[in-house]
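Since the structure comes first, as structure tokens, the remarks are kept for the end.
Values in this text are rule-based calculations from the coordinates and carry no lab data. Since we're looking at a predicted model, the values are computed, not measured. Positions of Cβ are backbone-derived with ideal geometry, glycine not excepted, and every protein chain shown enters the neighbour counts.
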Amino acid sequence: MTSSVSHSSSGGLHAAIIMDGNGRWALRRGLPRIAGHRAGAEALRRTVEAAVKHGVGTLTVYAFSSDNWNRPKEEVGALMKLFLAWLRSEVRRCIDNGVRVTVIGRRDRLPRLMLPAIEECESRTAHGARLHLRLAVDYSARDQLLAAARRPGATANRAALSCALGSPDVDLLIRTGGEQRLSDFLLWECAYAELYFTPRLWPDFGPEDLSQALAEFHTRDRRFGGLPAVVSSRG
Ligand code: FPP
């Protein structure tokens, strides 16, 4: 069987992270959940810097799933404020570090104030060539797939669908916080992703954890449905 592996347009590895455990991190400290999300924003900053140093090509992070709208209004509002503040405050650092930022997911349900901030962050960082950081906000892989399939004149083949999704295949998927599920994140792109689960809560995640995940990834034998190199060369 042939695989439909497409590689990151900026070259290099595509890592994706489900940043889970902010709420529990806060709860354990007797803090409100939003304190966990704030600490999560710091963890993201550290991880982006580390990803640049490691030469990761694309990093896609799950910041807000379409199902997260079901959370209490106060938490959703605080998260949106945090995203807005992050987009404004991190632009300079991203430009300086060669990080191109794009936001994936639906935009029509986001607070209107966020749209110019997203556009400005995307355009000001557009020349970043070291790392492509993709923030998934109001993102649902199933909805993205449906939207791609419903495009007028859509062609039903793997390459066309990958192209419509506009995302390279994921090489390494990391999920923090101890749960072991995909939660509607990059379902098509993760067809051959190596999965790495860690009990570490997202606000505690740092450069060491990323190094460990990447080291583990490099020990994996990726066969994409084929045979190990040593067996196939024997015929
Ligand atoms: C899941 O943890 C995390 C989220 C729903 C929000 C992710 C947001 C951040 C990491 C903030 C930083 C991001 C940006 C783009 C500035 P949870 O709340 O479900 O944790 P729990 O499972 O312990 O309750």
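Against the 2.2 N^0.38 Å scaling, with N counting residues, where does the chain land? I'd like the Cα-based Rg ratio to two decimal places.
1.03
Decide, for segment 124-235, between rounded, prolate and oblate: order the square roots of the alpha carbon gyration tensor eigenvalues as a ≥ b ≥ c, take rounded if a/c falls under 1.5, and otherwise choose prolate if a/b is larger than b/c, else oblate.
Here segment 124-235 falls in the oblate category.
Would you kindly state how much longer the chain becomes between residue 109 and residue 222 on full extension, computed as 0.36 nm times their sequence separation minus their alpha carbon distance, in nm to one decimal?
Working it through step by step, the gained length comes to 36.8 nm.
Mind listing the long-range amide H neighbours of residue 19? Cut-off is under 5 Å, sequence gap 5 or more, other chains count too, H placed in the peptide plane at 1.01 Å from N.
Close amide H contacts, sequence-distant or interchain: 62.
Using a Förster distance of 25 Å, how high is the FRET efficiency between residue 67 and residue 124, based on the Cβ-Cβ distance and rounded to 0.05?
My answer for the efficiency is 0.25.
Where nothing but the Cβ of Lys and Arg (+1) and of Asp and Glu (-1) is charged, how large is the charge dipole of the chain around its Cα centre, in debye to the nearest 20?
My answer is approximately 260 debye.
Taking neighbour counts of Cβ atoms within 10 Å as a proxy for exposure, in what order, fewest first, do 202, 86, 69, 25 appear?
69, 86, 25, 202
For helix 114-124, report the angle its Cα long axis makes with the longest principal axis of the Cα atoms of the chain; keep it between 0 and 90° and round to the nearest 10°.
Approximately 50 degrees, to the nearest 10.
Of 52, 27, 62, which is farthest on the positive side of the dipole of segment 16-67, counting Cα position, with +1 on Lys and Arg Cβ, -1 on Asp and Glu Cβ, and the Cα centre as origin?
It is 27, whose Cα lies furthest towards the positive end.
Hey, can you rank 148-154, 50-56 by average C-beta count inside 10 Å, highest first? Could you put the intermediate results ahead of the total?
Details: 148-154: 10.0, 50-56: 18.7.
Listed from highest to lowest mean packing, they are 50-56, 148-154.
What are the residues whose amide H is under 5 Å from the amide H of residue 103, where those residues sit 5 or more places off or on another chain and H is modelled from the backbone?
Those lying under 5 Å, H to H, from residue 103 are 135.
Taking the Cβ of residue 137 as the centre, find all other residues whose Cβ is under 9 Å away and add up their charges (Lys, Arg: +1; Asp, Glu: -1).
Counting the neighbours of residue 137, the net charge comes to +1.
Where the centre of each part is set by its Cα atoms, how far does segment 38-79 sit from segment 84-139, in angstrom?
12
Hey, how many Å between the Cα centroid of segment 146-174 and the Cα centroid of segment 194-228?
Comparing the Cα centres of segment 146-174 and segment 194-228, I get a distance of 24 Å.
Hey, any idea what the orientation-averaged projected area of the convex hull of segment 72-192's Cα atoms comes to, in nm²?
9.2
Which ordering of 121, 190, 163 is given by a fewest-first count of other beta-carbon atoms within 10 Å?
Arranged by neighbour count, lowest to highest, 121, 190, 163 become 163, 190, 121.
So what's the net charge close to residue 86: Lys and Arg +1, Asp and Glu -1, counting the other residues with Cβ under 11 Å from its Cβ?
+3
For the pair residue 147 and residue 195, how long in nm is the line joining their label points, each one 7 Å along Cα→Cβ?
About 2.6 nm separates the two model spin labels.
With r as the distance between the Cβ atoms of residue 212 and residue 156 and R0 = 41 Å, compute the FRET efficiency 1/(1 + (r/R0)^6) and round to 0.05.
Between residue 156 and residue 212 the formula returns 0.55.
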